Amino acid sequence: MSKPKPSATPSYGDMPDERGHFGPYGGMFVAETLMDPLEELRQAYQHYRNDPDFQATLDADLAHFVGRPSPLYHAERWSKVLGGAQIYLKREDLNHTGAHKINNTVGQALLAQYMGKKRIIAETGAGQHGVASATVAARMGMDCVVYMGEEDIRRQAINVYRMRLLGAKVVAVTSGSRTLKDALNEAMRDWVTNVDDTFYIIGTVAGPHPYPAMVRDFQAVIGREARAQLFERCGRLPDALVACVGGGSNAMGLFYPFLNDAGVALYGVEAAGDGLISGRHAAPLCAGRPGVLHGNRTYLMEDAQGQIIETHSISAGLDYPGVGPEHAWLKDCGRAKYAAITDDEALQAFHALTRIEGIMPALESSHALAYAAKLAPEMDNEQIMIVNLSGRGDKDIHTVAALEGIEV
Amino acid sequence: MSRVATTFEQLRSRRRSALVAYVTAGDPQPDVTLPLMHAMVDAGVDIIELGVPFSDPMADGPVIQAASERALRHGVSLAAVLGMVRAFRAKNTTTPVVLMGYLNPIEVMGYGQFASAAAEAGVDAALTVDLPPEESRELLHHLDAHGIDPIFLLAPTSSAERMARICSVARGFVYYVSVKGVTGSASLDVAAVAGKVKQIRALTGLPIGVGFGIKDADSAARIAEIADAVIVGSALVKLVGESADQTDQIPARVAALLSAMRQAMDAPAMRGDTRLSR
């Protein structure tokens, strides 16, 4: 067993370059009106990330408002049932608002405040990022507008009401497929129109530079904590990390502090929906190809003419046709492996964790759990795997019940 | 000399500003576009901007988004748009055609293949909305090899340094986005635009077009006094959308608005002497 080194700034993670490139991916593919505002954001972020006052405020918010550090929980019973690696769950489900999303919104809203912006906007699919944005806006007394596809508003009525209770204005997006990608388009249109006083909080590690790097950095608290917690408990590094990937922010947050640890295998898990062969899925890394959307070059779900196609997943949070550009790069250079889990497999994992550990995972996180359940038996029981339990499953109870023909 | 340069040269000698008209190719259905292009030229349009439909037109307002959706229902691809330009060139060899769209369809076709196919079809210039100069080197190389002018946007938010950098790579003309916002958004502030145009003139000898927010003959005439090209899009696309169930009426309705704009732009009382006379 090798002695773990203290967490270092990963040289593997000396990405992106100055213009936001992760190898051939990332970059800034936006209309001219946004180029200077993005540069202003990049400079502000560069400045404040090294500013002790900003960092101290952020750390205090993460501790007292979000509830960090989140526990690293040894799922002993489930590990025993699976009969392989020891599985540890990083409990992002225990954060305020119930998912990892708040790590990022706390950071970006604080940056907005330091930059003197009065109004924040956000896009949301399932509503988790919208709720996390509305939450920080309420606390900071800022105006908040959340763009959400009309179709998602129908599917996620409770989160819509939650955002409204928090004082946010939820705007229904009726263009395109009326889902997350269209909400992102609409938020960009708002930003381009109100760029002087508005801060756009993107919810994942995608979009134009500096968003992929900035969101990753705000989420990297997950990996830093997990690393220190496992070191303290077991005196060593994990053998594998597993996280679900929609846009990919919880996965990047967990992976990033381990990128330079060659002995730590990284597994990102996409949504295979009805199966990759069916075409009804949301797995651009596993079954898509590189292209340009939403300000960055990355793997996309697109047709032969380059039009973005509709995705499918049981989990609204993974239902996105693109993925963060750093994941695209980690895939190409082989540092991380990407797999896909079907709706059915995710549901099985949802039930397994609920019944065996008494923890009800989000359907997004259930994809990571389902892959962990495949991987663990192939590892020996001295080995350690950390699975990012990125969110709690309360929001999904209606979906699960409906699939089982139960009305709640 | 390229068709774009020739067009501006001729307008300059007649002391007129160019009327640049945008429609989305294949909107509301593919067979409308060719007769519409010819009708636009007959109504006094100097340069046609042909929109390539895209599923996620992030920089466009609701009017042009809807146009993209109508065209995509008929599966209008980049290759199909190039086919429309080729058909247009069978009858018209002088009016420049600018393709306006987003990068991803071009990525899928391949930069080299796009540039050669576009040149072969008779395309004169390409404006790729989500491709700022910083990311454009490879595409510019291919466009240049095939004599296609890259058109770039300048925005109210662009710093002086950025404007200079953009002007240094732009060809054909530069396109000043007159308002912060998406296509078809709020009315423009002519005085503010005039100030910016003056600033851009100091940076480039290229003709300067102004677009976003020009809705009618009056706004077209006022912009014609300060810019070399008046670019109108959403106002025309709105007419197309309203006539989607009477497609045979579309060319005449669009032509009527363009004729009114042309007349207002060319009316002697409205013409200042500052244009194109540097």
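Please find the FRET efficiency linking residue A:234 to residue A:196, where r is the Cβ-Cβ separation and R0 is fixed at 60 Å, and quote it to the nearest 0.05.
Plugging the Cβ-Cβ distance into 1/(1 + (r/R0)^6) gives 0.75.
On a 28 Å Cα-Cα criterion, which of the cross-link pairs A:181/A:395; A:101/A:169; A:117/B:215; A:117/B:196 come out too long? Before the final figure, lay out each step's value.
On the way: A:181/A:395 21 Å; A:101/A:169 19 Å; A:117/B:215 32 Å; A:117/B:196 26 Å.
Listed pairs above 28 Å: A:117/B:215.
Under a 1.4 Å probe, what is the accessible area of the protein assembly as shown per residue, stated in Å²?
Solvent-accessible surface per residue comes out at 36 Å².
Excluding residues fewer than 8 places away in the same chain, name every one of the aspartates and glutamates whose C-alpha is closer than 20 Å to that of residue A:80.
Those aspartates and glutamates meeting the cut-off are A:239, A:345, A:357, A:378, A:380, A:382.
Using a basic spin-label model with each label point 7 Å from the Cα along Cα→Cβ, how many nm lie between residue A:351 and residue B:146?
5.5
Over chain B, with a Gaussian network built from C-alpha contacts below 10 Å, which listed residue (B:207, B:268, B:53) shows the highest mean-square fluctuation?
In this elastic network of chain B, the residue with the biggest mean-square fluctuation among B:207, B:268, B:53 is B:268.
Out of A:308, A:102, A:121, any idea which swings most in a Gaussian network model of chain A, alpha carbons joined below 10 Å?
So, out of A:308, A:102, A:121, the one fluctuating most is A:308.
What number does chain A give for Rg over Rh if you use C-alpha atoms and the Kirkwood radius?
0.94
Sequence neighbours fewer than 8 away in the same chain don't count; with that in mind, list the lysines whose C-alpha is under 21 Å from residue B:198.
The reachable lysines, counting only those whose Cα sits under 21 Å from residue B:198, are B:180.
Between B:121, B:224, B:252, which gets the highest mean-square fluctuation from a Gaussian network model of chain B, Cα cutoff 10 Å?
Looking only at B:121, B:224, B:252, the biggest GNM fluctuation is shown by B:252.
Could you pull out which residues in the stretch A:83-114 have an amide N less than 17 Å from a spot 7 Å beyond the Cα of residue A:394, following the Cα-Cβ vector?
A:91-103
Give the residue from B:167, B:22, B:83 lying farthest towards the positive end of the charge dipole for the protein assembly as shown; charges sit on Cβ (+1 for Lys and Arg, -1 for Asp and Glu) and the dipole is referred to the Cα centre.
B:167
With charges set only on the Cβ (+1 for Lys and Arg, -1 for Asp and Glu), what does the dipole of the protein assembly as shown come to about its Cα centre, in debye to the nearest 20?
On the way: 64 positive and 78 negative charges, 218 e Å.
Charge dipole of the protein assembly as shown: 1040 debye, to the nearest 20.
Could you let me know the centre-to-centre spacing of the stretch B:187-245 and the stretch B:46-79, using Cα atoms, in angstrom?
20
When the helix-only estimate is applied to chain A (DSSP H runs of n ≥ 4, each -39,500 (n - 2.57), divided by the residue count), what is the mean residue ellipticity at 222 nm, nearest 500 deg cm²/dmol?
-12000 deg cm²/dmol
Less than 18 Å apart at the alpha-carbon level, and either on another chain or at least 8 residues along: which lysines does that give for residue A:337?
Output for residue A:337: A:374.
Residue separation times 0.36 nm, minus the C-alpha to C-alpha distance between residue A:80 and residue A:18: what's the value?
Numbers: separation 62, 0.36 × 62 = 22.32 nm, distance 4.66 nm.
The span from residue A:80 to residue A:18 would gain 17.7 nm if fully extended.
Computed over the Cα atoms, what is the radius of gyration of the protein assembly as shown divided by 2.2 N^0.38 Å, N being its residue count?
1.01
Rounded to the nearest Å, what's the spacing between the alpha carbon centres of the stretch A:160-177 and the stretch A:39-110? Just the number, please.
Using only Cα atoms, the two centres lie 25 Å from each other.
Under the rule a/c < 1.5 gives rounded, and otherwise a/b versus b/c splits prolate from oblate, where does the stretch B:3-264 land using the Cα gyration tensor?
rounded
Convert 25 °C to kelvin, take the viscosity as 0.890 mPa s, use the Kirkwood radius over C-alpha pairs of the stretch B:108-197 as Rh, and evaluate the Stokes-Einstein diffusion coefficient in µm²/s, rounded to a whole number.
For these conditions, the coefficient is 172 µm²/s.
Could you look at the stretch B:3-264 and say what percent of its accessible area is carbon and sulfur, using a 1.4 Å probe and all protein chains? Walk me through the numbers before you get to the answer.
On the way: 4640 of 8930 Å².
In the stretch B:3-264, the share of accessible area belonging to carbon and sulfur is 52 percent.
Residue A:134: net charge of surrounding residues, Cβ under 14 Å, Lys/Arg +1, Asp/Glu -1, itself excluded?
+4
The values are calculated or read from the model by the stated rules, or taken from the named source; none is laboratory data. Everything quoted here is computed from the prediction, not taken from an experiment. We place every Cβ from the backbone using ideal geometry, glycine too, and count neighbours over all the protein chains shown. All accessible areas refer to the heavy atoms of the entire protein, side chains included, with ligands and DNA or RNA removed. Shrake-Rupley method; radii C 1.70, N 1.55, O 1.52, S 1.80 Å.
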